[in-house]
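Data block below; observations after.
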Amino acid sequence: MYPKSLQSVIDALRILPGVGQKTALRMALYLLERNQVGAQKISQSLSHALETVRKCSQCRNLTDEDVCDDCKDMSRNDSLLCIVENPVDVFTLRQSVEYKGRYFVLFGRLSPLDGIGPSELGLDLLESRFAKGEIKEIILATNTTVEGEATAHYISEIAKQYEIEVSRIAHGVPLGGELEYLDSGTLSHAFASRKSY
């Protein structure tokens, strides 16, 4: 239906989350008709990133170097480690939370049906960090999916072997949320995780 080159661009754009056929077509046409300089910049930036971006050897976050800036930052607290599922979680926490500890990025969560086990998440590297004895507390910031909870539980069991304190980020009623609009799972979790006031 479309010229082969245009169809190739549309297919490439459709791999992005939330981008369907029509949106990909609009994006492709915009880049090819109205913003060829922008298209060239996207192409060059993506090619460069594919060559240079890799996982940090210590925390597994994305970086241009062997060790990321967070891991090089000597002002951060080495005894506190926040464990997240994806790099976007680190970026989100940096913008929203005053946190001065270290991070560890799993790049997913345990999911045996999908072939994702402890080795795919770098849990051997994480355990070797536990064994060094510097970490005194971990903060589990995995998502509240079944797999996220299973991953958090698995990591907490490893941490307890090294006598590391384990905490979990709170989940439940959002700031400004009204109880009548919450789903039963969120409300149940919030009620079970209540604390003294």
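Read the figures in this text as sums done on the coordinates, not as results from a lab. Nothing here was measured: the structure is a model prediction, and the numbers come from that model. We place every Cβ from the backbone using ideal geometry, glycine too, and count neighbours over all the protein chains shown.
Qualifying trypsin sites (Lys or Arg not before Pro) in segment 103-197, where qualification requires a DSSP coil assignment and no more than 11 other C-beta atoms within 10 Å, comprise Lys132, Arg194, Lys195.
Please work out whether segment 18-100 counts as rounded, prolate or oblate from its C-alpha gyration tensor, where a ≥ b ≥ c are the square roots of the eigenvalues and a/c under 1.5 means rounded, while otherwise a/b larger than b/c means prolate and anything else oblate? Working shown, then result.
Numbers: a/c = 3.21, a/b = 2.15, b/c = 1.49.
Judged from the Cα gyration tensor, segment 18-100 comes out prolate (a/c at least 1.5, a/b above b/c).
Per residue, the convex hull spanned by the Cα atoms of segment 138-197 measures out at 100 cubic angstrom.
When the alpha carbon gyration tensor of segment 49-95 is reduced to an equivalent ellipsoid, its three semi-axes come out at 18, 14, 9 angstrom, largest first.
Near the amide H of Phe107, within less than 5 Å, lie the amide hydrogens of Asn86, all on another chain or at least 5 residues away, with H placed in the peptide plane.
Counting only pairs 8 or more places apart or on different chains, how many lysine pairs in the chain have C-alpha atoms closer than 16 Å? List each step's numbers first, then the result.
Details: Lys55/Lys72; Lys72/Lys100; Lys100/Lys136; Lys132/Lys160; Lys136/Lys160.
Lysine pairs satisfying the spacing and distance rule in the chain number 5.
Would you compute, from DSSP H runs of 4+ residues alone, the mean residue ellipticity of the chain at 222 nm, taking -39500 (n - 2.57) per run and dividing by the full residue count, rounded to the nearest 500? Kindly include the intermediate steps, with their values, before the conclusion.
On the way: 8 runs with 84 residues, N = 197.
So the helix-based figure for the chain works out to -12500 deg cm²/dmol.
Tell me, what is the percent relative contact order of segment 71-125, built from C-alpha pairs under 8 Å that lie six or more residues apart?
In percent, rounded to a whole number, it is 34.
Legend: P(r) of segment 4-52 from all alpha carbon pair distances, 5 Å bins from 0, whole percents, reading 4, 22, 24, 28, 17, 4, 0. A compact globular protein would have a Cα radius of gyration near 2.2 N^0.38 Å; the ratio found for segment 74-168 is 1.02.
Hey, what does the equivalent ellipsoid look like for the chain, semi-axes from the Cα gyration tensor as sqrt of 5 times each eigenvalue, largest first, whole Å?
Working: eigenvalues 270, 117, 55 Å².
That gives 37, 24, 17 Å for the three semi-axes.
Using R₀ = 35 Å, calculate the FRET efficiency as 1/(1 + (r/R₀)^6) where r is the Cβ-Cβ separation of Arg94 and Met1; round to 0.05. It would help to have the intermediate numbers written out before the result.
Details: r = 44 Å, r/R0 = 1.26.
The formula returns an efficiency of 0.20 here.
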